[in-house]
1. Per residue of the stretch 105-112, what does 6.51 cos²θ - 1.76 cosθ + 1.60 with θ = phi - 60° give for ³J(HN,Hα)? Whole Hz please, x for Gly and Pro, Karplus curve as stated.
2. Please work out how much length the chain gains when fully extended from residue 121 to residue 11, using 0.36 nm per residue of separation minus the C-alpha to C-alpha distance, in nm with one decimal.
3. Please state the relative contact order of the stretch 49-156 as a whole percent: Cα pairs under 8 Å, 6+ residues apart?
4. In terms of solvent-accessible area of protein heavy atoms at a 1.4 angstrom probe, what is the ranking of 27, 62, 120, 54, highest value first?
5. What do you reckon, how do 23, 107, 133, 36 stack up by accessible area (1.4 Å probe), largest on top?
6. Compute the accessible area per residue over the chain, keeping the other protein chains in place, probe 1.4 Å, unit Å².
7. Once percent of Cα pairs over 20 Å apart is worked out from the coordinates, which option in (i) 65; (ii) 57; (iii) 45 does it equal?
8. Probe 1.4 Å, all protein chains in place: accessible area of residue 59 in Å², nearest 10?
Amino acid sequence: MQLSAAPYEERLTAPRSWWLLSFLAGVSMALILLPFGTLPMLGGLAGGTAAAAVVASSYGSVRIRVVGGHLIAGEARIPVSALGEAEILDAEEARAWRTHKADPRCFMLLRAYIPGALRVDITDPEDPTPYAFLSTREPERLAQALRAAREAAGTA
C-alpha cells in the first residue's frame, strides 16, 4: 500500500472543560454516597470521575487521517479517488451545513465543540452519500493533504 504524498492525522480531542466536568461528576457521585460514610464517598469520587473521564476520552478519541490513498474519518474509509473538491467552512458556514443545509444522506463526523469544518464531495456514482462533513481544527491542512493524495493517486 502506497502512502499518500502528504500524510495527515488529527485527533478530535474533547475540550479541557470536559475534564473539569468529569471531576464535577465525581464530586456529585461523592455527595450522593456521603450518607454511607467516608470510604463510599471517596470511592464515589474516584469511580464517578473515572467513569466520566472514560466517556469524555472515548468521545474525543476519534481521528481523521489521510494515508495510503484513503481518507479515514472515524469508522469511514473513503478512497481519495472517490472524493471531489473540498470546501473549507468557517464557523458560520459549518453551522449552516450541520443544520438547514445538511443532506440526510451525508456522512458527518461532527464535533460541535470544533467550530471549523471541511465539506468534501463524494463523486463515486455507486455511493449514495453526496458529501462528507468533517469537523476539524485544521481544515486548510486537511484540504491540502486530500489534494496531494489525489494528485499522488493520479485522480486530480
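The values are calculated or read from the model by the stated rules, or taken from the named source; none is laboratory data. Because the structure is a prediction, the values reported are computed rather than measured. Remember, those area values only see protein heavy atoms, side chains included, never the ligands or the DNA or RNA. Shrake-Rupley method; radii C 1.70, N 1.55, O 1.52, S 1.80 Å.
1. For the stretch 105-112, the Karplus-derived couplings read 8, 6, 8, 10, 9, 9, 10, 5 Hz, x marking Gly and Pro.
2. Details: separation 110, 0.36 × 110 = 39.60 nm, distance 2.19 nm.
Answer, rounded to one decimal: 37.4 nm.
3. Numbers: 158 pairs, mean separation 28.2, N = 108.
Taking the mean separation of contacting Cα pairs over the length of the stretch 49-156, I get 26 percent.
4. 54, 27, 62, 120
5. Values: 23 100, 107 60, 133 0, 36 150 Å².
Descending accessible area places them as 36, 23, 107, 133.
6. Values: 8780 Å² over 156 residues.
Value for the chain: 56 Å² per residue.
7. (ii)
8. Surface open to solvent at residue 59 totals about 90 Å².
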